[in-house]
Amino acid sequence: MSTHAPELEVCVGCGALFPALEGGVRHRYMDSSAGCWAAFASLNDPERPLGNSEFNALLVDVYAAQHPGTPSNQTVNSVAVHLMVLYGVLERSYSPSQALWLRMRPGRHSRIPKHERFH
């Protein structure tokens, strides 16, 4: 009986190896392999929660920072916000429960359009 190892592919976003899967990524500007997207989606599955950790809210920030997509005003500004959240929690000792507040802060009303604030 031969065992066949699954074909692996490199995720275009984070560079990690994942099983090659058919299908696409369901996000309008983040780029990743189908296998990487499936792994991320499984972490956010309400049917199989990771546990009751306050750090679960940061999964989106980590994934988005690792999968920036094609450079554009939207992707640059999105990654900037996700990195600011991670910096606030990991370096400035904000609690993970404050992640939503940290995410919303750069998007507050300003004369500068939302997708033109960071370069």
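Quick notes
- Within region 62-83, residues that are buried (at least 20 other Cβ atoms within 10 Å of the Cβ) reach partners that are in a helix (DSSP H, G or I) and charged (D, E, K, R) with beta carbons closer than 8 Å, at six or more positions or on different chains, in the pairs VAL81/ARG103; HIS82/ASP61; HIS82/ARG103.
- Condition met for SER97 (touching a residue at least 24 places away in the same chain (Cβ under 8 Å) and touching a strand residue (DSSP E or B) at 6+ places or on another chain (Cβ under 8 Å)): no
- Some residue of region 7-21 being more than 11 Å from the chain's Cα centre (by Cα) and either of a type in the set (Ser, Thr, Tyr) or closer than 20 Å to GLN98 by Cβ (or both): no
- Failed item, numbered, when GLY35 is tested on (1) in contact with a Pro (Cβ under 6 Å, 6 or more places away or on another chain); (2) closer than 19 Å to ALA16 by Cα; (3) at pLDDT below 85: (3)
- Meets criteria (part of a loop (DSSP other than H, G, I, E, B), touching a helix residue (DSSP H, G or I) at 6+ places or on another chain (Cβ under 8 Å) and surrounded by fewer than 12 Cβ atoms within 10 Å (Cβ to Cβ)) for ARG26: yes
- The lone exception for GLY88 - which of (1) of a type outside the set (S, T, N, Q); (2) under 24 Å from ALA39 (Cα atoms); (3) at pLDDT 90 or above it fails: (2)
The values are calculated or read from the model by the stated rules, or taken from the named source; none is laboratory data. Being a predicted model, the structure only gives us computed values, none of them experimental. For neighbour counting, all protein chains shown are included, and Cβ atoms are generated from backbone atoms with ideal geometry for every residue, glycine included.
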